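Reading through the structure tokens given below for one structure.
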Amino acid sequence: MTTEVSEVVLQSVITCPACGHKTEETMPTDACQWLYECKRCGKLLRPEPGDCCVFCSYGSVKCPPIQQGNSCCT
């Protein structure tokens, strides 16, 4: 029996909760990104409680490990 694996998306649009600025970023595949500085207002974003990284909290696409059904950076 074979299991179909969908392609992992590496581009995600981060939306700053402070000013609403959106920036497309490439997600790392080998590490979590716990901090992200908004390019417009300079706010330092950190993951929301229960999320593993800023992409899971503020991105249009969850991080690669989560997309694959794995835990992220644990």
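Selection of first residues in segment 1-27 that are modelled with pLDDT of 95 or more and of second residues that are of a type in the set (F, W, Y) and assigned to a strand (DSSP E or B), restricted to Cβ pairs under 7 Å at least 6 apart or on distinct chains, gives the following pairs, ordered by first then second residue: I14/Y36. Quickly run through segment 26-74 and pick out the residues that are under 16 Å from C16 (Cα atoms) and in a helix (DSSP H, G or I). Within segment 26-74, V54, F55, C56, S57, Y58 meet the criteria. Looking at this structure, is C56 among the hydrophobic types (A, V, I, L, M, F, W, C) and more than 18 Å from T15 (Cβ to Cβ)? Taking the combined requirement at face value, the residue does not satisfy it.
Only a single criterion out of (1) assigned to a strand (DSSP E or B); (2) of a type in the set (S, T, N, Q); (3) out of contact with any helix residue (DSSP H, G or I) (no Cβ under 6 Å at 6 or more places or on another chain) is not satisfied by S12, namely (3).
The values are calculated or read from the model by the stated rules, or taken from the named source; none is laboratory data. Values in this document were obtained by computation on a predicted structure and should not be read as measured data. Note that each Cβ is placed from the backbone with ideal geometry, even for glycine, and that neighbours are counted across all protein chains shown.
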